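The values are calculated or read from the model by the stated rules, or taken from the named source; none is laboratory data. In this text, all values refer to a predicted model and were calculated from it rather than measured experimentally. So basically every Cβ, Gly included, is an ideal-geometry build from the backbone, and we count neighbours across all protein chains shown. Ligands, DNA and RNA are excluded from the accessible area calculation, which covers all protein heavy atoms including side chains. Shrake-Rupley method; radii C 1.70, N 1.55, O 1.52, S 1.80 Å.
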Amino acid sequence: MTQDNISVLLIEDEEVWARTMQISLTEMGFEIAAIATNVAEALPALNALNYDIVLLDIHLNGANSGIEIGKMLHTNFHKPFIFVTSSLSTHSLQEAVTANPSAYLIKPINPASLFVTIHSAIHNFTQQKTVTEQSDDSYESFFIKQGNKYKKIDWKDVICLVSEKNYTRVLTARDQGEYLIRSSLQKALQFIIPAPLRGRFVQVNRAEVIQLSFVEELTGDVLKAGSKTFNITEAYHKEVKKSLNIIS
């Protein structure tokens with residue numbers, strides 16, 4: 001099944017941060033709608049471009065104009081947005097909350113936090129939830145864009161991740177679904193699976209990663225999980241046995 005990329009509009013006045021976020025977002029499979037560096041560039045972009053979510057610097061050009069743009073996004077454009085800032089004092093937080101953001105990110109931004117927070121923001125937006133503090137990195141689901149809808153995928157339902165060139169195919173148990181993430185398998189392991197959940201998964205060969213809770217049996221070099229079979233190559237056999245608590 002082919003999925004659309006989630007499109008991100010960046011509104012950030014510091015070139016280094018804009019470039020860093022652009023690289024991270026691209027590597028994780030997001031589409032960059034545009035990068036605006038000031039209010040004059042941001043306002044036309046909000047009106048003219050097609051985007052799913054906005055990463056918005058609170059202190060745009062040294063002022064709190066990002067908060068005013070956030071209020072516009074909430075009231076006029078009805079889009080989720082994430083406030084990005086170097087610091088968030090109690091006063092700034094109280095003012096930022098009035099714009100109804102869907103999440104916050106504090107610089108410097110960890111790429112794994114970036115992925116998780118975007119999906120957390122989409123979740124908060126669909127639930128009409130306003131956050132009052134930085135998003136929790138242990139968030140246990142992500143979203144796949146399908147047309148103008150977002151399908152929620154719980155990590156606990158993911159049987160395996162399979163490498164397909166520059167993509168990763170995700171197989172799920174709940175609906176026997178198959179979904180594509182526009183990211184390599186190694187990037188998915190490094191950034192996309194939330195850090196607290198990575199211990200649930202084990203790589204069995206260069207192209208496949210299995211969630212341990214779905215493992216049903218191991219026969220020689222063949223592992224059965226979620227009614228599917230996977231070949232374990234020599235380089236990964238020791239780690240698989242360790243993950244399964246096999247002592248021999």
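Computed from backbone phi with θ = phi - 60° and the Karplus coefficients 6.51, -1.76 and 1.60, the 3J(HN,Hα) list for the range 55-65 is 9, 10, 5, 5, 8, 5, 6, x, 10, 8, 5 Hz; x is used for glycine and proline. Where the centre of each part is set by its Cα atoms, how far does the range 191-222 sit from the range 1-57, in angstrom? Between the Cα centre of the range 191-222 and that of the range 1-57, the gap is 33 Å. In this structure, the amide hydrogen of residue 32, modeled 1.01 Å from its nitrogen in the peptide plane, lies closer than 5 angstrom to those of 8, counting only residues at least 5 positions away or on a different chain.
Rounded to the nearest 20, the size of the Cβ-charge dipole of the chain about its Cα centre is 660 debye, with Lys and Arg at +1 and Asp and Glu at -1. What the phi angles of the range 42-50 give under the Karplus curve with 6.51, -1.76 and 1.60, with θ = phi - 60°, is a coupling list of 5, 4, x, 5, 4, 7, 9, 9, 9 Hz, glycine and proline written as x.
For the range 170-248, the list of trypsin sites (Lys or Arg not before Pro) that fall in a loop by DSSP and count at most 16 other C-beta atoms within 10 angstrom reads 174, 206. Projecting the Cα atoms of 119, 233, 207 onto the charge dipole of the range 100-248 (Cβ charges, centred on the Cα centre) puts 119 farthest toward the positive pole.
In square angstrom, what is the accessible area per residue of the chain with a 1.4 angstrom probe? Solvent-accessible surface per residue comes out at 49 Å².
Debye calculation, C-alpha points only, no solvent: report log10 I(q)/I(0) for the range 166-248 at q = 0.12, 0.16, 0.19 Å⁻¹, in the same order as the q values. Scattering profile of the range 166-248, log10 relative to I(0): -0.35, -0.63, -0.89. Compared with the dominant principal axis of the Cα atoms in the chain, helix 111-126 is inclined by about 70°.
Overall, the range 1-124 carries a charge dipole of about 240 debye about its Cα centre when +1 sits on the Cβ of Lys and Arg and -1 on the Cβ of Asp and Glu, all other atoms neutral. Carbon-plus-sulfur accessible fraction, the chain (probe radius 1.4 Å, protein heavy atoms only): 49%.
Remark on residue 201: its backbone amide H falls under 5 Å from those of 212, a criterion applied only to residues 5 or more positions apart or on other chains, H modelled at 1.01 Å from N.
In the chain, Cα pairs under 8 Å separated by at least six residues give a relative contact order of 14 percent. Within straight-line reach of residue 152, meaning a Cα separation under 25 Å, sit the following lysines at least 8 residues removed in sequence or on another chain: 79, 129, 165, 187, 228. Which of 117, 168, 233 moves most in a GNM of the chain, Cα contacts under 10 Å? Highest fluctuation of the listed residues: 233.
What is the angle, in °, between the Cα long axis of helix 15-27 and the longest principal axis of the Cα atoms in the chain? Nearest 10 is fine, range 0 to 90. Here the helix axis deviates by roughly 30 degrees.
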